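S.K.: Below: one structure in structure tokens.
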Amino acid sequence: MPPRRLDPGKVREALDAQLLDLGQPPFEGPDGAVGDAGARAVLGAYDAGLTPVRDAARFAVRHLLEELAARAPGRTVEVRVPPYAAVQCVEGPRHTRGTPPNVIETDPRTWLELATGRLEWSDAMAAGRISASGARADLSGYLPLL
């Protein structure tokens with residue numbers, strides 16, 4: 001079953017709520033730029049010491065995970081960002097049952113920082129911000145996404 005598409009109206013509402021929380025005006029850009037703007041706004045909330053708007057964080061994480069899956073199609077690696085989303089990506093041997101042999105798990109902030117290029121894969125691994133198991137559990141060649 002293909003992943004459910006994000007509702008552009010709800011994504012824009014969440015982005016505008018996050019921007020309002022940051023004291024910024026609503027987003028005026030095109031619908032195609034809402035996901036990237038959402039990721040930047042959520043990182044802005046983290047930088048300001050705020051807890052991001054839940055829906056904004058969820059949509060930002062999902063947007064960037066979907067972008068990863070589009071750029072690295074496959075089912076060899078499962079990337080988990082609890083509590084928001086998970087995707088399977090990267091070409092190679094297909095996993096069909098149980099826990100995949102290649103699993104990456106991280107928190108939402110770390111994922112957004114990795115995907116936007118604010119954090120290097122090796123630095124996140126060294127700091128223990130990523131849990132990665134399996135021979136193919138390295139996304140450094142696919143990041144950043146923005």
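The values are calculated or read from the model by the stated rules, or taken from the named source; none is laboratory data. Not measured: the values here are computed from a predicted model. In this analysis, Cβ positions are derived from the backbone assuming ideal geometry, glycine residues included, and neighbour counts consider all displayed protein chains. Side chains included, ligands, DNA and RNA excluded: accessible areas come from the protein's heavy atoms. Shrake-Rupley method; radii C 1.70, N 1.55, O 1.52, S 1.80 Å.
S.K.: Do you know which residues across segment 59-83 are buried (at least 21 other Cβ atoms within 10 Å of the Cβ), modelled with pLDDT of 95 or more and among the aliphatic types (A, V, I, L, M)?
M.R.: Residues satisfying the conditions are 60, 61, 64, 65, 68, 79, 81.
S.K.: Which count do you get for residues in segment 101-144 that are of a type in the set (D, E, K, R), part of a helix (DSSP H, G or I) and within 18 Å of residue 44 (Cα to Cα)? Break it down into steps so the answer makes sense when it comes.
M.R.: We begin by selecting, within segment 101-144, every residue of a type in the set (D, E, K, R); these are 105, 107, 109, 113, 118, 120, 123, 129, 136, 138.
Those left that are additionally part of a helix (DSSP H, G or I): 109, 113, 123.
Pick out the ones that are also within 18 Å of residue 44 (Cα to Cα) and you get 109, 113.
The number of residues fulfilling the criteria is 2.
S.K.: Starting from segment 130-144, take each residue that is touching a residue at least 24 places away in the same chain (Cβ under 8 Å) and closer than 21 Å to residue 113 by Cβ and list its partners that are open to solvent by less than 60 Å² (accessible area, probe 1.4 Å) and part of a loop (DSSP other than H, G, I, E, B), counting only C-beta distances under 7 angstrom and pairs at least six apart or across chains.
M.R.: 142/72; 144/117
S.K.: Please verify whether residue 86 is in contact with a Leu (Cβ under 8 Å, 6 or more places away or on another chain), assigned to a helix (DSSP H, G or I) and either modelled with pLDDT of 95 or more or hydrophobic (A, V, I, L, M, F, W, C) (or both), treating the condition exactly as stated. Let's see the steps before the verdict.
M.R.: Details: in contact with a Leu (Cβ under 8 Å, 6 or more places away or on another chain): yes; assigned to a helix (DSSP H, G or I): no; either modelled with pLDDT of 95 or more or hydrophobic (A, V, I, L, M, F, W, C) (or both): yes.
The answer is no for residue 86.
S.K.: Just to be sure I understand the filter: pairs with C-beta atoms under 7 Å, separated by 6 or more residues or on different chains, first member in segment 72-86 and closer than 9 Å to residue 104 by Cα and in contact (Cβ under 8 Å) with a residue 40 or more places away in the chain, second member charged (D, E, K, R) and open to solvent by 30 Å² or more (accessible area, probe 1.4 Å). Which pairs pass?
M.R.: Taking only residues 6 or more apart or on different chains, the pairs are 77/136.
S.K.: Of everything in segment 93-146, what is hydroxyl-bearing (Ser, Thr, Tyr), at pLDDT 95 or above, out of contact with any strand residue (DSSP E or B) (no Cβ under 9 Å at 6 or more places or on another chain) and open to solvent by 40 Å² or more (accessible area, probe 1.4 Å)? Give them in sequence order.
M.R.: 122, 140 - these are the residues of segment 93-146 that are hydroxyl-bearing (Ser, Thr, Tyr), at pLDDT 95 or above, out of contact with any strand residue (DSSP E or B) (no Cβ under 9 Å at 6 or more places or on another chain) and open to solvent by 40 Å² or more (accessible area, probe 1.4 Å).
S.K.: Could you tell me whether any residue of segment 92-102 is touching a residue at least 24 places away in the same chain (Cβ under 8 Å) and of a type in the set (D, E, K, R)?
M.R.: no
S.K.: Condition test on residue 39, is it closer than 14 Å to residue 115 by Cα, touching a Leu at 6+ places or on another chain (Cβ under 8 Å) and surrounded by 14 or more Cβ atoms within 10 Å (Cβ to Cβ)?
M.R.: Details: closer than 14 Å to residue 115 by Cα: yes; touching a Leu at 6+ places or on another chain (Cβ under 8 Å): yes; surrounded by 14 or more Cβ atoms within 10 Å (Cβ to Cβ): yes.
It is true that residue 39 is closer than 14 Å to residue 115 by Cα, touching a Leu at 6+ places or on another chain (Cβ under 8 Å) and surrounded by 14 or more Cβ atoms within 10 Å (Cβ to Cβ).
S.K.: Could you say which residue among 56, 45, 86 is open to solvent by less than 50 Å² (accessible area, probe 1.4 Å) and touching an Asp or Glu at 6+ places or on another chain (Cβ under 8 Å)? First the steps, then the outcome.
M.R.: Numbers: 56 fails: touching an Asp or Glu at 6+ places or on another chain (Cβ under 8 Å); 86 fails: open to solvent by less than 50 Å² (accessible area, probe 1.4 Å).
Going through 56, 45, 86 in turn, just one is open to solvent by less than 50 Å² (accessible area, probe 1.4 Å) and touching an Asp or Glu at 6+ places or on another chain (Cβ under 8 Å): 45.
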